[in-house]
1. Check the range 273-283 and report whether any residue there is more than 24 Å from residue 215 (Cβ to Cβ) and at pLDDT 95 or above.
2. Exactly one condition in (1) assigned to a helix (DSSP H, G or I); (2) farther than 21 Å from residue 47 by Cα is not met by residue 246; state its number.
3. Just checking, how many residues over the range 96-150 are without any contact (Cβ under 8 Å) to a residue 40 or more places away in the chain, in a helix (DSSP H, G or I) and in contact with a helix residue (DSSP H, G or I) (Cβ under 7 Å, 6 or more places away or on another chain)?
4. Looking only at the range 173-205, which residues are under 13 Å from the mean Cα position of the chain (by Cα) and outside any helix (DSSP H, G or I)?
5. Does the range 191-201 contain any residue that is over 20 Å from residue 54 (Cα atoms), touching a residue at least 24 places away in the same chain (Cβ under 8 Å), touching a helix residue (DSSP H, G or I) at 6+ places or on another chain (Cβ under 7 Å) and surrounded by fewer than 19 Cβ atoms within 10 Å (Cβ to Cβ)?
6. Kindly check whether there is at least one residue in the range 224-237 that is assigned to a strand (DSSP E or B), within 16 Å of the chain's Cα centre (by Cα), in the same structural domain as residue 281 (by TED's automatic domain parsing) and modelled with pLDDT of 95 or more.
7. Any residue in the range 169-184 that's more than 12 Å from residue 85 (Cβ to Cβ): show its pairings with residues that are at pLDDT below 90 at Cβ separation under 9 Å, as long as the two are six or more apart or on different chains.
8. For residue 58, all conditions in the list (1) out of contact with any strand residue (DSSP E or B) (no Cβ under 6 Å at 6 or more places or on another chain); (2) touching a residue at least 60 places away in the same chain (Cβ under 8 Å); (3) surrounded by fewer than 15 Cβ atoms within 10 Å (Cβ to Cβ) hold save one; what is the number of the exception?
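The values are calculated or read from the model by the stated rules, or taken from the named source; none is laboratory data. All of these numbers come straight from a predicted model, not from anything done at the bench. Cβ atoms come from the backbone with ideal geometry, glycine included; neighbour counts cover every protein chain shown.
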């Protein structure tokens with residue numbers, strides 16, 4: 001089982017986290033001060049033309065590569081090595097329990113035979129990788145192994161986009177894992193570091209709202225709903241007779257006419273808060289949990305002014321905007337105010353950039 005791209009092992013000196021979402025390309029490069037603190041070296045966001053990426057699939061490789069190239073130019077870096085990620089919907093993951101103390105080659109054989117049982121397509125059509133998670137909870141003589149598999153064409157599309165933009169992909173991750181890596185940095189700033197607390201991480205992107213509920217950093221629930229910022233962009237385009245791209249740009253720059261706030265922005269925020277409270281109700285009725293201590297909002301929609309107050313008001317739960325960069329040093333190229341405004345939409349890119357520091 002040879003993989004050009006290992007899902008779990010970067011071994012890269014300097015590395016850019018490259019997140020290709022449905023609405024934009026985001027890049028983050030992190031460094032270290034040598035004493036264990038991270039430094040934000042640079043970051044860039046480049047809007048993608050509409051329908052270049054749909055349902056996590058790259059529909060137009062050339063247009064995607066062009067946006068990646070522009071984002072990389074904005075970064076003004078010499079680093080070409082990138083960590084990329086696949087949407088969770090493109091990856092099958094499974095944890096298995098095996099006897100401890102096995103050689104790498106024997107583990108590979110075991111993983112392949114396990115994978116054969118639950119992957120619905122031939123193994124030659126997939127990229128397969130595994131990582132030892134640690135001792136099995138049930139027995140000291142066993143270990144827990146995480147297997148990840150994805151269709152080769154899904155991987156190849158993302159690799160092709162990065163390579164067409166002149167970059168070299170060296171790490172392949174899963175978006176949901178990258179978000180959780182960045183979330184670890186956010187959680188540190190919750191009361192008691194979030195210990196023993198139940199936290200709802202809500203990522204509201206262009207088309208989908210993802211709800212991940214965590215307890216002590218471990219996922220206890222995940223769900224998604226079709227709701228996102230593209231709805232607001234479409235409303236802006238309609239009301240002010242703009243193209244979708246123009247509307248998206250004006251929305252990001254906050255340069256829309258005054259009536260935008262009362263006629264579109266406020267109703268959208270209320271709809272988001274309502275949608276989220278419904279998602280939480282579903283979580284309560286379908287699990288044994290009956291409370292949430294904190295809501296952490298991430299994704300492009302989290303940057304809309306007032307969204308945290310609206311969510312807190314409707315749910316009566318402490319709500320914060322995700323910022324994985326709190327406490328990090330900033331290079332002179334990074335403007336603190338801009339980074340603060342963009343931070344919640346950079347969770348995947350930040351999580352990918354962190355792969356540089358993997359043991």
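1. Yes: the range 273-283 contains one or more residues that are more than 24 Å from residue 215 (Cβ to Cβ) and at pLDDT 95 or above.
2. (2)
3. Residues meeting the conditions: 4.
4. Those that are under 13 Å from the mean Cα position of the chain (by Cα) and outside any helix (DSSP H, G or I): 173, 174, 201, 202, 203, 204, 205.
5. Looking through the range 191-201, none of the residues is over 20 Å from residue 54 (Cα atoms), touching a residue at least 24 places away in the same chain (Cβ under 8 Å), touching a helix residue (DSSP H, G or I) at 6+ places or on another chain (Cβ under 7 Å) and surrounded by fewer than 19 Cβ atoms within 10 Å (Cβ to Cβ).
6. So far as the range 224-237 goes, no, none of its residues is assigned to a strand (DSSP E or B), within 16 Å of the chain's Cα centre (by Cα), in the same structural domain as residue 281 (by TED's automatic domain parsing) and modelled with pLDDT of 95 or more.
7. Final answer for the pair search is 170/5; 170/6; 170/10; 170/11; 170/12; 183/217; 184/217.
8. Result: residue 58 passes all but (3).
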